[in-house]
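Here the structure comes first, spelled out in structure tokens, and everything after it is commentary.
Read-outs: derived from the displayed coordinates by stated rules, not from any lab. Only a predicted model underlies this, so the values are computations on that prediction, with no experimental measurement involved. A quick note on method: Cβ atoms are made from the backbone with ideal geometry, for glycine too, and the neighbour counts reach across all protein chains shown.
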Amino acid sequence: MPVWTLIVWLLIGVGAGMLARRFMGGQSPGGLLGDLVLGILGAVLGGYLLALSGVGGNGGIIGSFIVAVLGAMLLLWIVRKLKG
């Protein structure tokens with residue numbers, strides 16, 4: 001995988017984490033660094049769940065960003081439920 005591809009994925013994850021926290025409201029689980037990790041893990045989770053559903057494909061950067069935001073929102077919801 002080329003380095004620029006990794007950089008694009010990381011930027012998508014970062015943006016997704018920040019946007020997911022804004023949509024979900026409340027406190028961030030770990031500040032800015034928490035948003036970054038949340039977005040990256042959310043992008044992975046969203047992509048994995050989409051592939052499991054059989055809908056996975058090449059949605060381009062916009063599709064990847066939407067999936068990353070939705071995955072980050074799901075992950076943020078799970079983290080908040082576990083924290084109580």
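Ordering Trp77, Trp9 by the number of other Cβ atoms within 10 Å of each residue's own Cβ, fewest first, gives Trp77, Trp9. Normalised by the number of residues in the chain, what is the relative contact order in percent for Cα pairs under 8 Å and 6+ residues apart? Contact order relative to length: 36 percent. Here the sum of -39500 (n - 2.57) over DSSP H runs of 4 or more residues, divided by the residues of the chain, equals -28500 deg cm²/dmol at 222 nm, to the nearest 500. The modelled label-to-label distance between Trp4 and Tyr48, using points 7 Å beyond Cα along the C-beta direction, is 3.0 nm.
Kindly identify the chain as rounded, prolate or oblate by the Cα gyration tensor criterion: order the square roots of the eigenvalues as a ≥ b ≥ c, call it rounded if a/c is under 1.5, otherwise compare a/b with b/c, prolate if a/b is larger, else oblate. Because a/c hits 1.5 or more and a/b fails to exceed b/c, the chain counts as oblate.
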